[in-house]
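The values are calculated or read from the model by the stated rules, or taken from the named source; none is laboratory data. Note that the coordinates shown come from a computational prediction; the quantities given were computed from them, not determined experimentally. Ideal geometry is used to build each Cβ from the backbone, glycine not excepted, and the neighbour counts take in all protein chains shown.
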Amino acid sequence: MVFLHGPSGLVWDPFLIRLAERNRVFAPEHPGTSPGHEDAIKALDELWDLVLHYYDLFDELGLKAPHVVGYSFGAMVAAELAATSPDRVGSLVLISPIGLWHADEPVAHYQMMSREELSAAIAGASGTSPVATTPAVTSESDEAAQDELIRWTWSMGCTSKFTWPIPERGLHKRLHRVSAPTLIVAGDHDRVVPATYMQQFVKEISGAEQITLEGAGHAPHLDRPAEVLEVIERFHDNAEA
Amino acid sequence: MDRYKLGGWHVKISMFHFMPHRDLPDDFEKRYRSAYVDVPWSELGDSAMIGRYYNWGVDELVFAAEAGLDGICTNEHHQNVYGLMPNPNLIGSILARATNHLDCAIVQLGCSLPLTAPPVRIAEEYAMLDCISGGRLVAGMPIGIAMDANMNYGIPPIEQRDRYYEAHDLIVQAWTRDDIFAFNGNYTQLPYVNVWPKPIQKPYPPIWIPGAGSSSTWKFAADNDYAYQFLSYYGWLNSKAMMDGFWDFVETSGHDANPFRAGFLQLVVVSETDEQAQKDYEQHIRYFYNKLQHLPPHDLFPPGHQDFVSLERGVRNGLTESIAAQHETVKYMSYGDLVEQQFVIAGSPATVRDQLREAATQLRVGNLMVLLHIGSMPHELTLKNIDLFAREVQPYLTDLWEDEWENKWWPERLRSRGEHETTGTVAPAN
């Protein structure tokens with residue numbers, strides 16, 4: 001199983017840790033986000049390069065057609081992988097996918113938000129963000145807090161190379177090509193991607209299922225990890241059957 | 001270390017102008033998120049009024065040139081109220097024509113290279129300005145601030161620096177190559193590059209690189225033998241550490257300590273006495289800092305805008321945090337504080353002379369840019385400031401760096417005072 005992280009990089013949060021307890025999970029770090037390899041982003045110019053990069057990675061890992069789970073930006077990439085070479089993705093789980101754009105109900109400019117603003121924007125109905133908002137990082141802060149801010153910032157910079165300024169790169173033209181069994185997981189209080197966008201994913205991908213978590217925000221797997229894990233597990237069991 | 005004994009090398013002093021919105025409401029910074037990007041035209045824009053700003057601004061810069069300033073400077077900003085010139089070359093062309101009878105440099109500081117596609121357009125427009133002005137162009141090549149490049153013009157932050165380097169390479173090749181060539185860049189592909197016209201100045205007009213302290217900008221300027229211009233609104237005292245770092249860098253990279261390879265922007269207001277300066281200018285200085293500089297610091301550094309080394313350094317040494325803090329605290333500084341800490345050099349001619357001399361000497365800059373129109377300053381007051389500066393301050397500074405170094409970063413025909421062949425055109429009637 002491959003997990004593709006969101007815009008601010010790979011984080012081993014409770015959801016991912018538990019996913020990895022029950023499955024063999026490959027969680028690649030988006031090029032440029034691996035510590036010490038910040039320049040790796042320079043090798044990729046456009047989305048096409050990123051898609052091919054992941055196929056190359058699958059080849060190297062010996063993955064013919066893995067389950068792919070993606071969150072937010074990672075879900076956009078996952079959808080592109082499933083649409084471009086449909087036989088390379090065994091099943092597809094899209095958690096709050098970006099990649100579409102409706103002018104009358106636009107995606108929030110999440111890439112331009114500060115870390116605090118984005119943390120608040122992904123909160124669900126409760127208003128409490130599932131990601132910790134650390135106090136402002138200063139030169140007096142401990143090194144771990146500084147590391148985290150640097151990591152967050154550089155990861156956003158590397159992923160937004162492919163989604164700036166508007167996170168839409170033509171995925172709507174390609175979604176119909178997805179043949180993998182597909183599950184879309186979203187929160188009905190998503191303030192980054194309006195809930196109505198899921199309808200288009202379901203419509204375009206034949207046989208796609210959708211689960212909407214009431215009260216969850218843009219990161220339903222962080223709001224309600226156990227529930228989302230269970231849903232995904234059931235979906236994978238059915239997909240393999 | 002070579003030193004040249006030449007006539008007429010001395011500090012160059014140019015007037016800088018932003019052409020800002022001069023009439024924002026009193027509660028502007030309380031009502032709006034930022035002076036940039038999303039400041040609403042529907043509530044604050046007035047085309048006729050802005051037309052007046054442009055015409056006053058041109059008059060003020062031409063007045064400065066007539067009064068003896070060595071150069072006049074424009075700049076590029078978009079979708080904001082702090083600087084209303086999306087295309088500085090339109091203004092530059094008016095200034096070029098209007099000053100053809102004067103020994104004054106047209107300092108375009110300048111076209112933000114990544115914002116124009118294809119970049120040959122900048123090569124062409126700068127060449128036009130050089131031709132119209134008879135070879136008086138200074139070709140500024142800023143990288144562009146984040147709000148303009150990333151938010152207003154949609155360039156992915158992480159690509160901005162690479163796009164800048166590629167645009168620079170294309171422009172310099174377009175100016176200097178004799179052959180007609182294809183350019184297969186990452187961001188621009190052109191089958192035939194054959195710009196008409198090319199600049200008068202050979203191999204190209206002096207190139208200035210404005211920056212706000214990034215060491216990769218210093219390196220770029222030093223490696224290419226361009227002049228580095230430090231633009232800051234917090235005065236020379238706050239800039240000394242930065243400029244010391246720049247000069248250390250220059251030395252360790254094996255370049256000479258020629259002061260003309262550096263420049264600095266300083267806010268300056270002159271009045272009859274120090275007390276009168278406060279009466280004349282305080283509200284406009286406040287307006288500049290509180291309204292025109294009103295923006296969330298995060299907008300200056302969208303992720304990817306700083307390269308990784310600068311990002312890491314900025315977090316660990318607290319520089320990024322202190323920039324954000326300074327943005328806030330300056331709004332609460334009293335006029336007295338702003339003047340005492342020389343964020344603004346303000347006062348009688350004697351006060352201003354002394355402080356500006358010290359600034360130029362301590363920072364070791366051969367190019368001084370003075371912001372003589374600040375914020376909401378009305379037209380007549382601006383002319384007063386320019387007039388007093390030109391008559392009572394500038395002449396007392398012209399001995400700075402005199403005859404010590406060659407100024408390689410100034411239009412050649414303007415490098416010494418004296419008789420010049422003009423283009424033969426007269427300044428147009430106003």
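Couple of notes before you dig in:
- Residues in region B:198-212 that are in a loop (DSSP other than H, G, I, E, B) and surrounded by 12 or more Cβ atoms within 10 Å (Cβ to Cβ): B:K198, B:P199, B:I200, B:Q201, B:Y204, B:P205, B:P206, B:A212.
- Scanning region A:223-241 for residues being under 30 Å from A:A121 (Cβ atoms) and in a helix (DSSP H, G or I) gives a total of 13.
- Qualifying residue in region A:181-190 (condition: part of a loop (DSSP other than H, G, I, E, B) and surrounded by fewer than 15 Cβ atoms within 10 Å (Cβ to Cβ)): no
- Single residue of region B:67-101 satisfying the filter (part of a loop (DSSP other than H, G, I, E, B) and either touching a His at 6+ places or on another chain (Cβ under 6 Å) or without any contact (Cβ under 8 Å) to a residue 60 or more places away in the chain (or both)) that is nearest to B:F16 (Cα to Cα): B:G83
- Considering residues of region A:131-156 that are at the interface with chain B (Cβ under 7 Å from one of its Cβ atoms) and touching a residue at least 60 places away in the same chain (Cβ under 8 Å) only, the residue nearest to A:F201 (Cα to Cα): A:M156
- Test: residue in region B:297-307 that is on the phi > 0 side of the Ramachandran plot, within 14 Å of another protein chain (Cβ to nearest Cβ), surrounded by fewer than 22 Cβ atoms within 10 Å (Cβ to Cβ) and small (G, A, S): no
- Exclusive hit being over 22 Å from B:L267 (Cβ atoms) and modelled with pLDDT of 95 or more, set B:A67, B:A35, B:A127: B:A127
- Breaking point among (1) within 27 Å of A:W101 (Cα to Cα); (2) among the hydrophobic types (A, V, I, L, M, F, W, C); (3) more than 14 Å from chain B (Cβ to nearest Cβ), for A:L50: (3)
- Within region B:165-184, the set of residues being in contact with a Gly (Cβ under 7 Å, 6 or more places away or on another chain) and aliphatic (A, V, I, L, M) comprises just one member, B:L170.
- Condition check for A:A125: touching a residue at least 12 places away in the same chain (Cβ under 8 Å) and either touching a Ser or Thr at 6+ places or on another chain (Cβ under 8 Å) or buried (at least 18 other Cβ atoms within 10 Å of the Cβ) (or both): no
- Matching residues, region B:360-419, being at pLDDT below 95, within 26 Å of B:I132 (Cβ to Cβ) and in a loop (DSSP other than H, G, I, E, B): B:N407, B:K408, B:R415, B:S416, B:R417, B:G418, B:E419
- When the criteria are applied in full, A:T128 meets the requirement of being among the polar types (S, T, N, Q), in a loop (DSSP other than H, G, I, E, B) and either over 19 Å from the mean Cα position of the chain (by Cα) or within 14 Å of chain B (Cβ to nearest Cβ) (or both).
- Of the residues B:D59, B:D26, the single one that is surrounded by fewer than 19 Cβ atoms within 10 Å (Cβ to Cβ) and either of a type in the set (S, T, N, Q) or under 26 Å from B:L300 (Cα atoms) (or both) is B:D26.
- Hey, B:R357 surrounded by fewer than 23 Cβ atoms within 10 Å (Cβ to Cβ), of a type in the set (K, R), within 14 Å of another protein chain (Cβ to nearest Cβ) and over 19 Å from B:T382 (Cα atoms) or not: no
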